[in-house]
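Presented below is the structure to which this report refers.
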Amino acid sequence: MKKILITAGPTREKIDPIRFITNSSTGRIGYLLAELARKKGFKVILITGPTFLRPPKGIKVICIESAKELKKEVLRHISQVDCLIMAAAVGDYRPLRIKMRKIKRRKELILPLMR
């Protein structure tokens, strides 16, 4: 049986313990691809960012938050699959530093970002 790895959903990059940067991806395309692949007989691994979707039955699901976690999981599983589909909406930027405590509310916040 052929094995496929599919990524889906957004990534979240922490700013502090409460806040994060993300995008509006629903993950719907990746989840549909995972379901179709399973129906076609593939063994499916779905690596997904946070979504409100229910994963299709019969597939292995790995939940991630950040782009760094996504990369780690893809690299961990890539040698075990025959095909890779990258449908996740990976953030382009992350904060230069993550604050360890909640940032106090102020009029303005300057947030240095990096790729």
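Summarising the amide proton neighbourhood of VAL90: residues at separation of 5 or more, or on other chains, whose placed amide H is nearer than 5 Å comprise an empty set.
Build a GNM of the chain with springs between Cα atoms under 10 Å apart, and of ILE47, ILE103, ILE78 the one that fluctuates most is ILE103. Counting only residues at least eight positions apart within a chain, or on another chain, the lysines with an alpha carbon under 23 Å from that of LYS57 are LYS2, LYS3, LYS39, LYS40, LYS43. Kindly work out what percent of the DSSP beta bridges joining two residues of the chain are antiparallel, to the nearest 5. Percentage antiparallel, nearest 5: 20. Could you give the C-alpha radius of gyration of the chain expressed as a fraction of 2.2 N^0.38 Å, taking N as the number of residues it contains? Ratio of Cα Rg to 2.2 N^0.38 Å: 1.21. One decimal place: the segment LYS40-ARG105 gains 18.3 nm when fully extended, by the rule 0.36 nm per residue minus the C-alpha distance. Across the range 77-82, coupling constants 3J(HN,Hα) worked out from phi with the 6.51/-1.76/1.60 Karplus curve, θ = phi - 60°, read 10, 4, 6, 9, 10, 9 Hz, and Gly and Pro carry x. For the range 19-115, a simple Cβ point-charge model (Lys and Arg +1, Asp and Glu -1, everything else neutral) yields a dipole of about 620 debye relative to the Cα centre.
Proximity of backbone amide H atoms, modeled 1.01 Å from N, is registered between GLY49 and ALA8, GLY9, ILE64 at under 5 Å, excluding neighbours fewer than 5 places apart on the same chain. Mind checking which lysines have their C-alpha under 17 Å from LYS104, skipping anything on the same chain fewer than 8 residues away? Of all the lysines, those that pass the test against LYS104 - Cα under 17 Å, at least 8 places apart if same chain - are LYS14. Residue by residue, the range 44-52 carries 3J(HN,Hα) couplings of 10, 10, 10, 9, 10, x, x, 9, 9 Hz when phi is fed to the Karplus relation 6.51 cos²θ - 1.76 cosθ + 1.60 (θ = phi - 60°); x denotes Gly or Pro. Amide H to amide H distances under 5 Å link ILE85 with LEU5, ILE6, THR7, where only residues 5 or more positions off or on other chains count and H is placed in the peptide plane. Could you give the longest part of the chain that holds none of the chymotrypsin sites (Phe, Trp or Tyr not before Pro) found in DSSP loops with at most 16 neighbouring Cβ atoms within 10 Å? Answer - 1-51. Considering only PHE20, TYR31, ILE85, the residue lying farthest towards the positive end of the dipole of the range 3-114 is PHE20, judged by Cα position with unit charges set on Cβ. For the range 102-115, backbone phi angles converted through the Karplus equation (6.51, -1.76, 1.60; θ = phi - 60°) give residue-by-residue couplings of 4, 6, 5, 5, 9, 5, 9, 9, 9, 10, x, 10, 9, 7 Hz, Gly and Pro being listed as x.
To make sure I understand, if each residue's beta carbon is the centre and we count other beta carbons within 10 Å, what order do ILE18, ILE85 fall in, fewest to most?
With the fewest neighbours first, ILE18, ILE85 line up as ILE18, ILE85.
When the chain is treated as a Gaussian network with alpha carbon springs shorter than 10 Å, the biggest mean-square fluctuation among LYS14, LYS71, LYS43 belongs to LYS71. Considering only LYS104, LYS40, LYS60, the mean-square fluctuation computed in a Gaussian network model of the chain, springs between alpha carbons under 10 angstrom, is largest for LYS104. What is the Cα centroid distance between the range 25-73 and the range 78-115, reported in whole angstrom? Each part reduced to its Cα centre gives a spacing of 19 Å.
In straight-distance terms, cross-link reach from LYS107 covers every one of the lysines whose alpha-carbon lies under 19 Å from its own, apart from those fewer than eight places away in the same chain; here that gives LYS99.
Bear in mind these aren't lab numbers, they're just calculated from the coordinates by the rules spelled out. Bear in mind that the values here come from a model prediction, so they are computed numbers and not experimental data. So basically every Cβ, Gly included, is an ideal-geometry build from the backbone, and we count neighbours across all protein chains shown.
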